[in-house]
Amino acid sequence: MTIMNLIINDKPAASVVGQTIGKAARLNHSHVGYICGGHGICQACYVTVQEGADCLDALTDVEKAFLSPRQIAAGGRMACQATIAKEGNVKVLSRPEEIRRLLFSHPTALFAYGAQLGQDTARQIGPGIANLAGRIQRREMGGKEALGDLMESASGAVRLAAESVSHLLPFRDQIMGVIGTLPVKLPFLPEKAPPAQVLEKVNINVQPSSKV
């Protein structure tokens, strides 16, 4: 069993050749989507391969159906489908992390990002549905194995949320700073309101960060 050098969102993740990026992400509690249990129907596990694309197996038929040509050209993969084929260095960035970084570095770019994502999704609706229908017809979907995968994914998502919550509060002030730079004023935000007061107004229970 060959150990891989897999980096997810700039953090090392233990992995082996023959494993999918999605499986490695779940085992390492990395911030990659787990919604469909790795059955390639939701694209929640979308990642951008930044390094080491040659260490991965070729695109699967599922990826070809669900990913647009633009996404593929940009290094997009579905983590549940992208299998590590050989030893080497692989570095990927998940979609949630990409959005988080945009939020803090260039928030106005999120509008264009969302529009492009919508275009990609709309373009692939037909091929995606056809691919899914074919797999259902061939009885490649469903059964006890699929249920087990979904339960594993749900468990992984819960563990990830529990481990991530302590890291969310430090971003509170950053989030409020970003909101303050938006070209429109949000109605629930009073002028110059301290972050804690603002969060209380939107019914978010905030604990002092020193206790995290």
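The table that follows gives values for the structure above.
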{"quantity": "Residue that is surrounded by 15 or more Cβ atoms within 10 Å (Cβ to Cβ) and either modelled with pLDDT of 95 or more or touching a Pro at 6+ places or on another chain (Cβ under 8 Å) (or both), where the choices are Ile21, Ile41, Ile35, Ile72", "calculated": "Ile21"}
{"quantity": "Among residues of the stretch 1-27, those that are more than 20 Å from Lys86 (Cβ to Cβ) and not in a strand (DSSP E or B), counted", "calculated": "3"}
{"quantity": "Helices (runs of 4 or more DSSP H) enclosed by the stretch 30-137 - at least 2 residues per element that are within 15 Å of the chain's Cα centre (by Cα)", "calculated": "95-105, 109-123"}
{"quantity": "Counted residues, the stretch 54-70 - those being within 24 Å of Asn5 (Cα to Cα) and in contact (Cβ under 8 Å) with a residue 24 or more places away in the chain", "calculated": "4"}
{"quantity": "Failed item in (1) modelled with pLDDT under 90; (2) crowded, with 19+ Cβ neighbours inside 10 Å, with Asn9 passing the rest", "calculated": "(1)"}
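The values are calculated or read from the model by the stated rules, or taken from the named source; none is laboratory data. The model shown is predicted, which means the values in this text are computed figures rather than measured ones. Don't worry about glycine lacking a Cβ; one is built from the backbone with ideal geometry, like all the others, and counts go over all protein chains shown.
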